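S.K.: Have a look at this one.
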Amino acid sequence: MRGGHEEPRDDGAARLLVEGVPSPAKRPPSIDVDGAGTAAFVFKTVADPFAGRINLFRVLAGTLDSDATVVNTRSHAKERVGALLTLQGKDHEPAKEFGTGDIGAVAKLKETTTGDLLLDAERQVEPPTLDFPEPVMSFAVTPKAKGDEEKVASSLRRLAEEDPTLVLRRDPQTGDQLLSGMSQIHVEVAVDRLRNRFSVDVELHQPHVPYLETIRKESRARHRYKKQTGGRGQFGDCEIVLEPLPEREGYEFVDEIVGGVIQQGFRPAVDKGIQEAMQHGELAGAPVQGVRVRLVDGQQHNVDSSEMAFKIAGSMAFKDAYAKADPVLLEPIMELEVSVPDDAVGAVNGDLNSRRGRLQEWSRSAG
């Protein structure tokens, strides 16, 4: 093998690198921070089981030092910057400061999360907006061990801070704690992270269906609530007419009392009792909607009548009228758009029909 020297080839790679990836000092930031002494954009949040919340940021202008005080443009809260970090995989290396274009991290900021802009002082700067897709699949989450409900909720909230497309909420109707994500795999990965990072085991279930109830015909009922236990008693008497609303939505209460058979102060109590009874229908315990209630008659006692008595009377009168009004369950309806190859249209349509789906429109793409 003979030695020698060869002139380096100038293929323009270095020039292309400089032009294609310019220095931050030569390229204006994508976020307008003109006039800001120091500006840093938080592009990711990590939930660390030991260090807590860690915010990753890129310095857009100036220099960010440890122990500095910054202002969050979204919440307008002041944050004290603690120890700065350089993340190298799982290792956290301390750093003194970060300049323009540098990427770093800081732990334990209280009011800061993904998408926030941090400035050295309060200024009129338009904060950036990050549009995240809405979750498309939800599962009910329950802890495997009794007593871990609060631990599960707090751990899932920390994961949701790290991943904005992961949403944790409680369904007010069914009481299910729902974990929603972009797919089944997305949710299952979150459950694995929950186990590996926070030592919390949960089970995933299909959420309960949020049914509603309504009525299909008019009915009438009267109920008298009377209770005497020595001393002052309780007396309330009301008659109502129950009618379905055309769109099967909403609720109306119509006061048609004539002649003062029920004084004005007791009539709102009847309405309140009816609305409480509507929270749990007689068919499946689901909320009732799409009804109009007309208060048409009643009777009161000069001594024993009270708001509580008329509230109970209204609730019982509604239940009696509801049972005679041909109640029915309403189930949720979803609109679904499906794109499939031509040779799979029949199979997909058959599958949708088996799930009580209704094909409303079909078109063939130009491609």
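The values are calculated or read from the model by the stated rules, or taken from the named source; none is laboratory data. These figures come from a predicted structure and were not determined experimentally. Cβ: placed from backbone, ideal geometry, glycine included. Neighbour counts: every protein chain shown.
S.K.: If I go through the stretch 131-186 residue by residue, how many of them are among the hydroxyl-bearing types (Ser, Thr, Tyr), part of a loop (DSSP other than H, G, I, E, B) and touching a helix residue (DSSP H, G or I) at 6+ places or on another chain (Cβ under 8 Å)? Full working, then the answer.
M.R.: As a first pass, look at the stretch 131-186 and keep what is among the hydroxyl-bearing types (Ser, Thr, Tyr): 138, 142, 154-155, 165, 174, 180, 183.
Then keep just the ones that are part of a loop (DSSP other than H, G, I, E, B); that gives 165, 174, 183.
Those left that are additionally touching a helix residue (DSSP H, G or I) at 6+ places or on another chain (Cβ under 8 Å): 165.
Summing the residues that are among the hydroxyl-bearing types (Ser, Thr, Tyr), part of a loop (DSSP other than H, G, I, E, B) and touching a helix residue (DSSP H, G or I) at 6+ places or on another chain (Cβ under 8 Å) in the stretch 131-186 gives 1.
S.K.: Find all pairs meeting these conditions: Cβ atoms under 8 angstrom apart; at least six residues apart or on different chains; first residue within the stretch 148-161 and without any contact (Cβ under 8 Å) to a residue 24 or more places away in the chain and among the aliphatic types (A, V, I, L, M); second residue assigned to a loop (DSSP other than H, G, I, E, B) and buried (at least 16 other Cβ atoms within 10 Å of the Cβ).
M.R.: Ala160/Leu166
S.K.: I'm trying to understand the selection: among the residues of the stretch 298-316, which are among the polar types (S, T, N, Q) and not in a helix (DSSP H, G or I)?
M.R.: Residues of the stretch 298-316 among the polar types (S, T, N, Q): 299-300, 302, 305-306, 315.
Within the stretch 298-316, Gln299, Gln300, Asn302, Ser305, Ser306 meet the criteria.
S.K.: Can you tell me which of Val338, Val345, Val328 is assigned to a helix (DSSP H, G or I), on the phi < 0 side of the Ramachandran plot and either under 32 Å from the mean Cα position of the chain (by Cα) or surrounded by fewer than 16 Cβ atoms within 10 Å (Cβ to Cβ) (or both)?
M.R.: Details: Val338 fails: assigned to a helix (DSSP H, G or I); Val328 fails: assigned to a helix (DSSP H, G or I).
Matching residue, one of Val338, Val345, Val328: Val345.
Here is a yes/no grid of residues against (1) modelled with pLDDT under 95; (2) under 30 Å from Asp171 (Cα atoms); (3) in contact with an Asp or Glu (Cβ under 7 Å, 6 or more places away or on another chain):
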{"position": "Phe253", "(1), (2), (3)": "no, yes, yes"}
{"position": "Gly260", "(1), (2), (3)": "yes, no, no"}
{"position": "Arg292", "(1), (2), (3)": "no, yes, yes"}
{"position": "Ser305", "(1), (2), (3)": "yes, no, no"}
{"position": "Glu335", "(1), (2), (3)": "yes, yes, no"}
{"position": "Asp342", "(1), (2), (3)": "yes, no, no"}
{"position": "Val348", "(1), (2), (3)": "yes, no, no"}
{"position": "Gly357", "(1), (2), (3)": "yes, yes, no"}
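S.K.: Read through the list (1) over 28 Å from Met278 (Cα atoms); (2) within 34 Å of the chain's Cα centre (by Cα); (3) in a helix (DSSP H, G or I); (4) not aromatic (Phe, Trp, Tyr), then give the number of the only condition that Lys319 fails.
M.R.: (1)
S.K.: If you go through the stretch 153-179 one residue at a time, how many are closer than 19 Å to Val46 by Cα and either charged (D, E, K, R) or touching an Asp or Glu at 6+ places or on another chain (Cβ under 9 Å) (or both)? Write out each step before concluding.
M.R.: Initially, the stretch 153-179 is screened for residues closer than 19 Å to Val46 by Cα, giving 153-168, 179.
Checking the rest, the ones that are also either charged (D, E, K, R) or touching an Asp or Glu at 6+ places or on another chain (Cβ under 9 Å) (or both) come to 157-158, 161-163, 165, 167.
The qualifying residues number 7.
S.K.: Quick one: which of Gln360, Gln279 is outside any strand (DSSP E or B), within 21 Å of Pro244 (Cβ to Cβ) and not hydrophobic (A, V, I, L, M, F, W, C)? Outline the logic, then answer.
M.R.: On the way: Gln360 fails: within 21 Å of Pro244 (Cβ to Cβ).
Just one listed residue meets the conditions, Gln279.
S.K.: Next question, about the same structure. List the strands (runs of 3 or more DSSP E) inside the stretch 20-130, counting only whole elements, that have at least 3 residues being at pLDDT 90 or above and acidic (Asp, Glu). Walk me through it before giving the result.
M.R.: Working: elements: 39-48, 52-61, 69-72, 78-80, 84-88, 91-95, 103-107, 117-119.
In the stretch 20-130, no matching strands (runs of 3 or more DSSP E) lie anywhere.
S.K.: A further question follows. Being over 29 Å from the mean Cα position of the chain (by Cα), surrounded by fewer than 19 Cβ atoms within 10 Å (Cβ to Cβ) and within 17 Å of Thr113 (Cα to Cα) is the filter here; which residues of the stretch 29-80 pass it?
M.R.: Thr69, Arg80
S.K.: Given the condition free of Cβ contacts under 8 Å to residues at least 40 places away in the same chain and either more than 34 Å from the chain's Cα centre (by Cα) or assigned by TED's automatic domain parsing to the domain that holds Ser219 (or both), answer yes or no: does some residue in the stretch 297-304 qualify? I'd like the intermediate steps shown before the answer.
M.R.: Of the stretch 297-304, the ones free of Cβ contacts under 8 Å to residues at least 40 places away in the same chain are 302.
Next, from what is left, pick out any that are either more than 34 Å from the chain's Cα centre (by Cα) or assigned by TED's automatic domain parsing to the domain that holds Ser219 (or both): 302.
For the stretch 297-304, residues free of Cβ contacts under 8 Å to residues at least 40 places away in the same chain and either more than 34 Å from the chain's Cα centre (by Cα) or assigned by TED's automatic domain parsing to the domain that holds Ser219 (or both): present.
S.K.: Quick one: is Arg232 surrounded by fewer than 18 Cβ atoms within 10 Å (Cβ to Cβ), touching a residue at least 24 places away in the same chain (Cβ under 8 Å) and not assigned by TED's automatic domain parsing to the domain that holds Met308?
M.R.: Details: surrounded by fewer than 18 Cβ atoms within 10 Å (Cβ to Cβ): yes; touching a residue at least 24 places away in the same chain (Cβ under 8 Å): yes; not assigned by TED's automatic domain parsing to the domain that holds Met308: no.
Considered against the rule, which asks whether it is surrounded by fewer than 18 Cβ atoms within 10 Å (Cβ to Cβ), touching a residue at least 24 places away in the same chain (Cβ under 8 Å) and not assigned by TED's automatic domain parsing to the domain that holds Met308, Arg232 comes out as no.
S.K.: Additional query: Assuming Gly259 fulfils every condition listed in (1) surrounded by fewer than 20 Cβ atoms within 10 Å (Cβ to Cβ); (2) of a type outside the set (S, T, N, Q); (3) closer than 30 Å to Val209 by Cβ apart from one, which condition is it?
M.R.: Of the numbered conditions (1) surrounded by fewer than 20 Cβ atoms within 10 Å (Cβ to Cβ); (2) of a type outside the set (S, T, N, Q); (3) closer than 30 Å to Val209 by Cβ, the odd one out for Gly259 is (3).
S.K.: Taking the stretch 155-186 on its own, how many of its residues are of a type in the set (Ser, Thr, Tyr) and buried (at least 17 other Cβ atoms within 10 Å of the Cβ)? Let's see the steps before the verdict.
M.R.: Let us first name the residues in the stretch 155-186 that are of a type in the set (Ser, Thr, Tyr), namely 155, 165, 174, 180, 183.
Restricting the remaining residues to those that are buried (at least 17 other Cβ atoms within 10 Å of the Cβ) gives 155, 180.
Selection size over the stretch 155-186: 2.
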